[in-house]
1. What do you reckon, is B:SER98 crowded, with 19+ Cβ neighbours inside 10 Å and of a type in the set (Ser, Thr, Tyr)?
2. Among the residues of the stretch A:51-67, which ones are assigned to a helix (DSSP H, G or I), facing chain B (nearest Cβ under 8 Å) and either surrounded by fewer than 15 Cβ atoms within 10 Å (Cβ to Cβ) or over 20 Å from the mean Cα position of the chain (by Cα) (or both)?
3. Would you check which residues across the stretch A:11-45 are under 30 Å from B:TYR28 (Cα atoms) and facing chain B (nearest Cβ under 7 Å) and list them?
4. Counting only residues that are assigned to a loop (DSSP other than H, G, I, E, B) and closer than 23 Å to B:PHE216 by Cα, how many does the stretch B:138-163 have?
5. Is it the case, given these coordinates, that A:MET48 is more than 8 Å from every other protein chain (Cβ to nearest Cβ), surrounded by 12 or more Cβ atoms within 10 Å (Cβ to Cβ) and closer than 21 Å to B:THR77 by Cα?
6. I want to confirm something. Restricting to the stretch B:165-208 and keeping residues that are out of contact with any helix residue (DSSP H, G or I) (no Cβ under 9 Å at 6 or more places or on another chain) and assigned to a loop (DSSP other than H, G, I, E, B), which single residue is farthest from the other protein chains (Cβ to nearest Cβ)?
7. Identify the single condition in (1) closer than 18 Å to A:HIS6 by Cα; (2) surrounded by fewer than 23 Cβ atoms within 10 Å (Cβ to Cβ); (3) at pLDDT below 95 that B:VAL190 does not satisfy, given that it satisfies every other one.
Amino acid sequence: MHTNEHVNYQEQKGGYYKVLIGLLLLTTVTFIQPHMFLQSYTFVTQIMIGAIKAWLILMYYMHMKGETLIGWTVAFAVGLVVVFFAIVITDVGSFQFKTDSHITSQPHIEVNYHHEATEHEASQHDAGHTTSHEK
Amino acid sequence: MSHEYVPEIAIDRDGKKHEVQGWQGDFYGGKLGFWLFMLTEVMMFGAMFLTLTYYFTLHHQDFIDASSHLNRLLGGTNTVVLLFSALTMGLGLLKMRSGDVKGAKLMIWATILLALVFLGIKAVEWREEYTHGVFLGLDALQSGNEHSRPFGQILFYGMYFTMTGLHGFHIIIGIGLMLWLLKRINAGKVSTEHHILHFNIALYWDLVHLIWVFVFPYFYMIGAGNAH
């Protein structure tokens with residue numbers, strides 16, 4: 001859509017309904033996929049279906065089809081985001097504090113379920129517990 | 001109600017009236033500017049998806065277990081509701097461009113109604129999770145107590161409430177924008193010839209839909225094959 005021009009509603013509404021049917025079909029596939037096919041690749045398959053839906057929305061509902069300048073602007077900006085992601089993924093892949101971080105290692109926090117424990121028992125427990133998130 | 005376009009008027013020192021030539025007259029510029037704004041939204045949600053993916057690689061099984069407990073029926077219903085709302089918004093814009101301003105207003109109201117349905121379903125879903133003890137601030141999502149969920153699940157639910165909450169906030173903003181759009185249409189500031197505001201708000205609504213297209217499988221579907 002390049003200009004502020006008038007359109008014929010009856011002629012163009014069909015396109016919107018066709019995209020709606022496509023999106024509904026893809027949503028149905030989203031629901032049945034984990035139970036019917038590619039069960040070992042659910043995450044990747046779901047994201048791929050999402051990407052196809054996103055493409056339909058972008059091209060037809062957001063009027064990107066036929067847009068040149070805005071299309072390249074969006075592609076360039078999304079490309080920058082992808083580069084940023086790649087750098088971050090590479091960086092966190094060699095995270096030097098992997099064993100110390102709460103996020104990258106499962107924290108091991110002992111819980112005192114026995115509220116009646118004496119102070120002496122509690123102090124003994126503290127002495128033997130060097131770190132709260134040791135691997 | 002008349003829907004004739006009423007231009008913005010500025011009055012100079014001598015009392016002469018001039019029609020303001022602003023962004024309403026620059027359709028392409030207005031569209032390009034709004035796309036740049038939407039790219040900042042992509043950056044914000046993109047960073048969240050990146051974080052989510054990283055946590056998923058670290059705590060794979062916890063994420064799948066937590067996902068399998070989410071209510072897919074309600075989440076799926078919301079997916080369909082948003083899908084139809086994108087249609088009504090798109091058809092509304094088409095009606096505006098074709099000269100049917102009254103029809104366009106009806107479609108905007110239909111979109112607002114669907115947005116409210118979405119928020120209502122989301123509220124029911126969050127309430128259900130709260131009654132099961134899974135909510136921000138409750139013991140299940142805090143480390144170091146007897147009710148604590150596994151650490152990966154705490155991360156999953158933290159991201160789930162943050163991202164669906166932020167998405168819900170965008171829905172509320174969208175409703176506000178649509179009400180403002182209706183007000184501008186009634187005031188004659190948006191018309192068939194000057195509909196860039198309508199166009200951009202429709203773009204915003206499609207972006208909100210687009211984000212949900214990825215939020216839904218990321219949270220609800222990754223654990224769908226897990227028997228529970």
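The values are calculated or read from the model by the stated rules, or taken from the named source; none is laboratory data. Note that the structure is a prediction, hence the values are computed from the model and not measured. Positions of Cβ are backbone-derived with ideal geometry, glycine not excepted, and every protein chain shown enters the neighbour counts.
1. So B:SER98 fits the description; yes.
2. A:TYR61
3. A:GLN12, A:LYS13, A:TYR16, A:LEU20, A:LEU23
4. 2
5. It is true that A:MET48 is more than 8 Å from every other protein chain (Cβ to nearest Cβ), surrounded by 12 or more Cβ atoms within 10 Å (Cβ to Cβ) and closer than 21 Å to B:THR77 by Cα.
6. Only one residue tops the list, namely B:ALA187.
7. Among (1) closer than 18 Å to A:HIS6 by Cα; (2) surrounded by fewer than 23 Cβ atoms within 10 Å (Cβ to Cβ); (3) at pLDDT below 95, B:VAL190 violates only (2).
For every residue, the table says whether it meets (1) closer than 24 Å to B:LEU50 by Cα; (2) surrounded by fewer than 20 Cβ atoms within 10 Å (Cβ to Cβ).
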{"residue": "B:GLY158", "(1), (2)": "yes, yes"}
{"residue": "B:PHE161", "(1), (2)": "yes, yes"}
{"residue": "B:GLY168", "(1), (2)": "yes, yes"}
{"residue": "B:ASN186", "(1), (2)": "no, yes"}
{"residue": "B:LEU210", "(1), (2)": "yes, no"}
{"residue": "B:PHE214", "(1), (2)": "yes, no"}
{"residue": "B:ILE222", "(1), (2)": "yes, no"}
